[in-house]
Structure formats: structure tokens, C-alpha cells
Amino acid sequence: MAGPLEGVRILDVTSVGFGPYACQILGDYGAEVVKVESREGDITRGIYPFQNEGMGHFFLMANRNKRSIVLDLKAERGREAFLKLVEKMDVVICSIRPAAMDRLGLGYDDCRAVNPKIIYVALVGFGQSGPYAKRPAYDDIIQGVSGMADMQGGRNGPPTFVNASVCDKICSQVAAHSTLAALFSRQQTGAGQLGEVPMFESMVG
């Protein structure tokens, strides 16, 4: 039985947990997802346990329902191949910092130039209009700065981290919902758009 997103094509330019899990959800809904990896591959490929090297359990879970392609986005041929893919896609979901993608010539404006109806979802640690825009973010950082670790510690104890990638997983849901909203909007208006899903603001919310 086909899923509700059958026919929707998504270019997954993400790694680790936040982005891959969001794209996995959309793949479970029936979207065709193509994951772009560097030559080194997503770092979660090497997380134990695994039976086959490069096929860690978390990687397999978060990247099911996907096809993969290796591209060197810093090389001209890699950039050209990326934009060729964008021409055929409905959505680009990217966890590389927006400033870095712009420098590569692969940011939202570059993608919109080859596909005016593209939906480009930028997954970031902090809102790009705020003072922390350029700071890196992983799950444990966001647990700390959002106040979650302090709340886990309680009134009398020290900050305590949740022993799971809870921020990645919660923000993945926000990213998936944002993508669905953008697809619905495009169905109504015919226009693509740039969306931003920041981990910090999402978790504080």
C-alpha cells in the first residue's frame, strides 16, 4: 500500500540524528528519499553495535527507506550533480550550516534558481537571526542551554543529561511537521519556500 507522501521526492543532506530521523519519518510516510553523504559517510555508520562495518544499528534505523549517493560538495562536479538532483526534488532538508551551503553555491537561493518550487528546510542549532547563529550544536549542548539538563537534575541536584538523544528526536518531529506544512502550503499556492528549524528554540518552546 502506498504511503500518503508517495510521489514526493526529498534530498536528505543531513547526518547524525536530527536530520536523518526527520527524513526517515517522511520516508516511512512514503516519500522517496535520497541521502547525500560525503566520502567519509555519516559518522553514525561507525557507532556500535553492528555486524557489518559501516552499518551501525542507529544508522540503519535512521536511514531506512532511503537511497544514498556520495558527493563531494566542495568539488565542481559534486556541486553540479547536487543541483541536477535538486531540479527533480520537491524538498531539500539540510543540516549543514546555511552560511557554509551559501559559500558552496548550494544554499536556498541557488536551489531555487534551478527549481523555483523547491522547499528548502534548514536544520540548525540556533535561530539564524539570533546571536548564537554560528554556534555548533549537538544533542547534549541543546539539553544544557535549553534548561532541560537543569530540570532533570531537580531543585537540589546538579544538571543531569537524559541518556538518549532526546533533543534530536523531538526536533526531528518538528522538522517533519514543518516539511509537511510547507508541502501543504505549496499545494495551495504553488510556491516553494525556505523553512528553518532551530533546535534551541524548539526545545525551549
Per residue and in cubic angstrom, what volume does the convex hull of the Cα atoms of region 83-205 have?
110 Å³
Calculated P(r) of region 32-152 - Cα pairs past 20 Å, %:
54 percent
Which value results for Rg/Rh of region 1-90 when Rg is the Cα radius of gyration and Rh the Kirkwood radius based on the inverse mean 1/r?
0.99
If N is the residue count of the chain, its Cα Rg over 2.2 N^0.38 Å rounds to 1.04
Low-density loop trypsin sites (Lys or Arg not before Pro), region 1-61, at most 16 other Cβ within 10 Å, DSSP non-H/G/I/E/B, are Arg39
Once amide hydrogens are built 1.01 Å from N within the peptide plane, the residues lying 5 or more places from Gly195 or on another chain with amide H under 5 Å from its amide H are Tyr120, Val121, Ala122
So, taking all protein chains as they sit and a 1.4 Å probe, how much accessible area belongs to Leu85, in Å² rounded to tens?
40 Å²
Under a point-charge model restricted to the Cβ atoms of Lys and Arg (+1) and Asp and Glu (-1), what is the dipole moment magnitude of region 109-193 relative to its Cα centre, in debye to the nearest 20?
220 debye
Express the carbon and sulfur contribution to the solvent-accessible surface of region 3-69 as a percent, rounded to the nearest whole number, probe 1.4 angstrom.
52 percent
So which lysines pass the test for Lys74, namely a Cα distance under 18 Å, with those fewer than 8 places away in the same chain ruled out?
Lys35, Lys84
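Please identify the trypsin sites (Lys or Arg not before Pro) of region 81-137 that satisfy two criteria: DSSP loop assignment and at most 16 other Cβ atoms within 10 Å. Which are they?
Loop-located and lightly packed - Lys117, Lys134.
Filter the DSSP H helices in the chain by two things, a Kyte-Doolittle mean of at least 0.0 and an axial alpha-carbon span of 24 angstrom or more, and list the hits by number.
166-189
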Might you work out the accessible area of Cys23 for me, using a 1.4 Å probe with all protein chains in place, and round it to the nearest 10 Å²?
0 Å²
How large a share of the accessible area of region 141-197, in percent, is made up of carbon and sulfur atoms when the probe is 1.4 Å and the other protein chains stay in place?
54 percent
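Using a 10 angstrom Cβ neighbour count of at most 13 plus a DSSP loop assignment to flag exposed GluC sites (Glu not before Pro), which longest range of the chain is free of such sites? Walk me through the intermediate numbers first.
Details: sites that count: Glu6, Glu40, Glu53.
Free of exposed loop sites, the longest segment is 54-205.
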Nearest 5 percent is fine: what portion of the DSSP beta bridges confined to region 25-153 is antiparallel?
0 percent
For the chain, accessible area per residue (1.4 Å probe, heavy atoms of protein chains only), Å²:
55 Å²
Inter-probe distance in nm under a simple model that places probes 7 Å from Cα toward Cβ, at Glu196 and Val70:
3.5 nm
Counting only C-alpha contacts under 8 Å and six or more residues apart, can you give the relative contact order of region 1-101 as a whole percent?
35 percent
Projecting the Cα atoms of Ala175, Ile93, Cys23 onto the charge dipole of the chain, where Lys and Arg contribute +1 and Asp and Glu -1 at Cβ, the residue farthest towards the positive end is Ile93
Heads up, I need the accessible area for Phe50: 1.4 angstrom probe, whole protein in place, Å², nearest 10.
60 Å²
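The values are calculated or read from the model by the stated rules, or taken from the named source; none is laboratory data. Keep in mind that what you see is a predicted model, and the values were worked out from it rather than measured. No Cβ is skipped: glycine too gets one built from the backbone with ideal geometry, and neighbour counts run over all protein chains shown. Note: accessible area is taken over every heavy atom of the protein model, side chains too, but ligands, DNA and RNA are not part of it. Shrake-Rupley method; radii C 1.70, N 1.55, O 1.52, S 1.80 Å.
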